[in-house]
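The values are calculated or read from the model by the stated rules, or taken from the named source; none is laboratory data. Note that the structure is a prediction, hence the values are computed from the model and not measured. No Cβ is skipped: glycine too gets one built from the backbone with ideal geometry, and neighbour counts run over all protein chains shown.
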Amino acid sequence: KEEERKKVIKYDSLFIDIGAKSKEEAKKMGVNIGDTIGFDTKFVKVGRDTVIGKAFDDRAGCATMIETMRRLKKTDCTVYAVGTVQEEVGLRGATTAAFGIYPDVGIAIDVTVAGDVPGVKEVEAPIKMREGPSLTIADYGLITHPKVLRLLVDVAEENKIPYQLETGLAGTTDAARISLTREGVPSGVISIPTRYIHSPVSMLSLKDLENTVKLTVAAVKKIPKYF
């Protein structure tokens, strides 16, 4: 029902059943207060280029970063590839990493909401799967530096890489905190369109992932000409 779809289940209504009869039995099973859990979701490929799995936010970004570094044989700049922690709870890893590195330019590689599903209006979530990586113009925590955005758009068009532009996103990424490092760092975001993020069954297109890698590689090579 429509009203049931919109009803948010509160934390105090949720529980995890491990079959224990008591607190003592749970402890004997090795379960303690503060232990973390994860969804037992398998990585599955469906259709011609679609994959489903958990935590694509931001495993997809990590995969893009790793493949980018594999393909970067030679550059005219020093490249730091950083896998940051605790982005979802306060951009904390990006804060300390950016302070220590103090880069000339920062580019966050993340996922973004793909809204091309039933029940979602295009005006609310215009980014679509299979139409290329998304470039952030502005979101809740960042206004992308004009030179960074120009770099990304120019590179995409020069290399005929499909891309989408995004603005007004309610969330933000590590780029928001990187941009505020010390005296400021020109920053931007490249995102992989992903359906159902923050769920155990995220979905994305490997074609979008590949185009994100291509765009990131090409952008890194061109950075010295823009900064």
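Residues in the stretch 55-105 that are within 24 Å of residue 195 (Cβ to Cβ), touching a Ser or Thr at 6+ places or on another chain (Cβ under 6 Å) and not hydroxyl-bearing (Ser, Thr, Tyr): 56 only.
Evaluated against (1) without any contact (Cβ under 8 Å) to a residue 24 or more places away in the chain; (2) closer than 18 Å to residue 80 by Cβ, residue 225 falls short on exactly one condition, (2).
None of 87, 67 is in contact with a helix residue (DSSP H, G or I) (Cβ under 6 Å, 6 or more places away or on another chain), crowded, with 19+ Cβ neighbours inside 10 Å and either of a type outside the set (Val, Ile, Thr) or at positive phi (or both) except 87.
Residue-by-condition table, conditions (1) at pLDDT 95 or above; (2) assigned to a loop (DSSP other than H, G, I, E, B); (3) under 17 Å from residue 209 (Cβ atoms):
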| residue | (1), (2), (3) |
| --- | --- |
| 37 | no, yes, no |
| 40 | no, yes, no |
| 48 | no, yes, yes |
| 73 | no, yes, no |
| 78 | yes, yes, no |
| 85 | yes, yes, no |
| 95 | yes, no, no |
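When the stretch 154-176 is filtered for residues that are at pLDDT 95 or above, surrounded by 17 or more Cβ atoms within 10 Å (Cβ to Cβ) and touching a strand residue (DSSP E or B) at 6+ places or on another chain (Cβ under 9 Å), the ones remaining, listed by number, are 156, 163, 164, 166, 172, 173, 174, 175, 176. When the residues of the stretch 123-146 are filtered to those that are farther than 18 Å from residue 60 by Cβ and of a type in the set (Val, Ile, Thr), the one that is surrounded by the most Cβ atoms within 10 Å (Cβ to Cβ) is 144. Considering (1) of a type in the set (A, V, I, L, M, F, W, C); (2) modelled with pLDDT of 95 or more; (3) farther than 24 Å from residue 62 by Cβ, the lone condition that residue 120 does not fulfil carries the number (2). Looking only at residues of the stretch 180-227 that are assigned to a helix (DSSP H, G or I) and of a type in the set (Val, Ile, Thr), we find that the one that is farthest from residue 54 (Cα to Cα) is 223. Read through the list (1) among the charged types (D, E, K, R); (2) touching an Asp or Glu at 6+ places or on another chain (Cβ under 8 Å); (3) more than 25 Å from residue 84 (Cα to Cα), then give the number of the only condition that residue 139 fails. Among (1) among the charged types (D, E, K, R); (2) touching an Asp or Glu at 6+ places or on another chain (Cβ under 8 Å); (3) more than 25 Å from residue 84 (Cα to Cα), the lone unmet condition for residue 139 is (3). Residue pairs whose Cβ atoms lie under 8 Å apart, sitting 6 or more positions apart in sequence or on different chains, and linking a residue in the stretch 123-149 that is free of Cβ contacts under 8 Å to residues at least 24 places away in the same chain to a partner that is outside any loop (DSSP other than H, G, I, E, B), are 125/113; 143/137.
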